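Just below is one structure, and these are the notes that go with it.
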Amino acid sequence: MKKRIQQWQRITAALIGLLAWTTALAQWDTVPPDAVMPQWEKFVPELVHPDPALVSLYNKAWQTAAGRVRRGPDGMVASPYLDENCYDDQIWIWDGCFMVLFSKYAPEAYPGKETLMNYYAPIHDGAPSPLRIHLRDNPPLFAWVEHENYLFTADTAHIDRVLKDKKYLQRHYDYFNSLVTGERRESLSPNPIFMRVCRDSAGKVEGYVWNGNASGMDNTPRGRDAGGWKSVMWIDAISQQALAAERIASLCRLRGMKEDAEKWQNEYDRLRDLVNSRYWDERDGFYYDIAIADGKPCRVMTPASFWAMLAGIPDTARAARMVEHLRDAGELGGERPWNSLSRNDADFDSISGNYWRGGIWLPTAYMGTKALERYGYTALADSLAERVVRMQARVLHDMEPHTIWECYNPSADGPSTEHGHRVRQEFCGWSALGPISLMIENVLGFRRADGLERTLTWDLKESNGTHGLRHLRWCDIDASLVYDAPSRKVSISTNRPFTLILNGQSHSIPAGASLLPGPF
């Protein structure tokens with residue numbers, strides 16, 4: 001009798017596990033029942049473009065993202081929040097950070113910065129939360145996205161809370177440097193810490209050992225030539241920490257914290273010099289992971305190295321050499337660029353990209369695009385970005401289901417695969433970075449909306465025909481700007497005055513309606 005009861009217990013447990021698995025699988029493709037569905041059309045900028053496929057992709061991304069605005073279970077630090085479309089009871093740090101970078105265009109309906117509080121308070125204040133953080137050693141991107149969001153929104157109250165009052169950005173930088181491999185906090189995360197901090201003889205951080213999951217690049221072959229993931233210090237981890245130090249320094253300067261700014265600038269300078277002296281490979285003209293044993297480069301080429309460019313680490317000569325790898329269709333460029341592994345790598349999967357063995361991911365494509373812009377490669381950045389966005393548009397319209405995918409095939413129009421199956425669909429989530437952020441910033445050329453300076457930089461492109469945005473909102477400005485190709489004039493309406501930098505020329509735009517001659 002006892003054996004029979006035990007058999008039924010095992011069967012019941014198996015059925016419960018199967019039900020949980022199928023439920024999670026279904027969540028990849030459906031809107032959760034507790035999703036908040038605002039009238040998103042009222043809050044997002046309206047895209048004007050002659051290509052209906054691009055307009056449809058843009059609207060599809062906002063609509064899908066609206067289905068990921070969720071009211072979580074009781075006891076959350078911030079609700080509603082943005083859900084990345086993986087598991088109901090878990091959230092991901094780097095997914096959440098990347099979602100801020102598109103949700104800033106419609107913050108009334110898409111709670112980007114609020115979502116970040118669901119990481120800050122549990123990690124740094126010990127606040128209880130019904131949501132667990134999937135990987136606490138995910139990429140440390142908070143300072144970067146908070147900096148970008150602050151420049152756009154000029155939300156002083158929020159930035160003072162995370163920078164001055166709670167010091168979440170500084171604390172997370174230090175937290176990342178203090179993580180202990182294998183440490184568990186079951187109430188906070190289902191996973192242990194995978195990362196290991198490497199220090200020199202003086203106790204200064206010289207690198208970080210990651211694995212695929214913690215880094216976010218799950219099945220990457222990085223570390224292969226040195227003995228595997230645990231044998232190398234990862235270029236993206238140290239570059240992201242350098243970026244964090246730089247952006248904390250910038251925020252401190254903006255908020256009048258001069259001594260703090262100097263401290264963080266010094267930390268950034270130290271990391272920049274370290275990366276340049278240790279992680280640069282002169283032979284290939286590229287930053288690589290380096291072997292712990294002998295400091296030699298592990299020559300597995302991925303977009304992760306462009307975190308160094310985003311952090312402003314290379315000089316102009318080194319940046320130029322890195323860019324050549326993006327001009328090469330046999331490496332990271334081509335018709336479908338920003339593949340997650342160089343096409344000439346032995347482990348590149350030419351059939352589907354197999355997740356991080358070649359698949360095209362919007363977070364790394366977006367990061368790399370901004371890295372190119374930092375060094376003035378705006379034409380290349382725009383060209384590569386538009387190729388990715390148009391690929392997303394073709395996949396949306398030409399294949400069933402008509403959806404936006406977690407990542408994309410680098411060899412043909414379609415989704416990539418994970419463990420032999422198609423990746424998650426309805427993934428907005430960070431895949432909205434293409435249809436929304438790259439569309440606005442690189443396809444249309446609305447380069448930067450600065451809420452602190454009350455400026456808008458628009459590199460208008462004649463090749464787009466009649467195009468623009470209606471109800472682009474940043475800080476307290478609500479402006480519509482449309483270039484009319486037949487008349488070659490720009491019509492503008494705005495609730496408040498601002499400065500428009502149109503193809504390099506500065507114009508003072510008054511409240512109300514205006515008409516400017518086009519730049520062509």
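Per residue, the chain reaches -11500 deg cm²/dmol at 222 nm when only DSSP H runs of four or more residues are counted, each adding -39500 (n - 2.57).
For region 454-471, 3J(HN,Hα) computed residue by residue from phi via the Karplus equation (6.51, -1.76, 1.60; θ = phi - 60°) reads 6, 10, 9, 9, 10, 8, 6, 10, 4, 5, 6, x, 6, 7, x, 9, 10, 6 Hz, glycine and proline entered as x. Multiplying the residue separation of ARG321 and ASP160 by 0.36 nm and removing their Cα-Cα distance gives an extension gain of 54.1 nm.
Computed on protein heavy atoms with a 1.4 Å probe, the accessible areas place LYS296, LYS164 in the order LYS296, LYS164, largest first.
With all protein chains in place and a 1.4 Å probe, the accessible surface of region 336-417 carries 47 percent carbon and sulfur.
Take the alpha carbon gyration tensor of region 317-362, find the square roots of its eigenvalues, order them as a ≥ b ≥ c, and report rounded if a/c is under 1.5; if not, report prolate when a/b exceeds b/c, else oblate. Cα axes put region 317-362 in the prolate bin.
Under a 5 Å amide H cut-off, with hydrogens placed 1.01 Å from N, GLN90 pairs with ARG132 among residues at least 5 apart or on other chains.
Quick one: grab the alpha carbon gyration tensor of the chain, order the square roots of its eigenvalues as a ≥ b ≥ c, and give me rounded if a/c is under 1.5, else prolate or oblate depending on whether a/b is larger than b/c.
rounded
With every protein chain in place, what's the accessible area of GLU186 (1.4 Å probe, Å², nearest 10)? Solvent-accessible area, nearest 10 Å²: 100 Å². The accessible-area ordering, largest first, of the residues LYS370, LYS166 stands as LYS166, LYS370, per a 1.4 angstrom probe. For the chain, the solvent-accessible area works out to 39 Å² per residue, with a probe of 1.4 Å and every protein chain left in place. Around the amide H of ARG448, modelled in the peptide plane, lie the amide H atoms of THR457, all under 5 Å away and 5 or more residues distant in sequence or on another chain. Of the whole protein surface, ARG470 contributes about 90 Å² of accessible area at a 1.4 Å probe radius.
Can you list the DSSP H helices in the chain whose Cα atoms extend at least 20 Å along the helix axis and whose mean Kyte-Doolittle hydropathy is -0.5 or higher? Show your work: numbers first, answer last.
Details: long enough: 2-27 (37 Å, 0.10); 52-66 (21 Å, 0.19); 235-254 (28 Å, 0.59); 258-278 (30 Å, -2.01); 378-398 (29 Å, 0.04).
Qualifying helices: 2-27, 52-66, 235-254, 378-398.
For region 177-323, which whole-number percentage of the solvent-accessible area (1.4 Å probe, protein heavy atoms only) is attributable to carbon and sulfur atoms? Don't skip to the end; give the middle numbers.
Working: 2680 of 5730 Å².
Carbon-and-sulfur percentage of accessible area, whole number: 47.
Note on PHE102: accessible area is roughly 0 Å² with a 1.4 Å probe, heavy atoms of protein only. Between amide H atoms placed 1.01 Å from N, distances below 5 Å from TRP405 occur with PHE427, all of them 5 or more places distant or on a separate chain. The candidates ASP74, ASP225, ASP347, arranged from most to least accessible area with a 1.4 Å probe in the full protein assembly, appear as ASP74, ASP225, ASP347.
Just the protein heavy atoms count here, and of the accessible area of region 38-80 at 1.4 Å, carbon and sulfur take up 49 percent. Remark: for residue pairs LYS104/LYS167; LYS204/LYS370; LYS204/LYS258; LYS164/LYS230, the C-alpha separation exceeds 26 Å in LYS204/LYS370; LYS164/LYS230.
The values are calculated or read from the model by the stated rules, or taken from the named source; none is laboratory data. The shown structure was predicted, so the numbers you read here are calculated from the model rather than taken from an experiment. Side chains included, ligands, DNA and RNA excluded: accessible areas come from the protein's heavy atoms. Shrake-Rupley method; radii C 1.70, N 1.55, O 1.52, S 1.80 Å.
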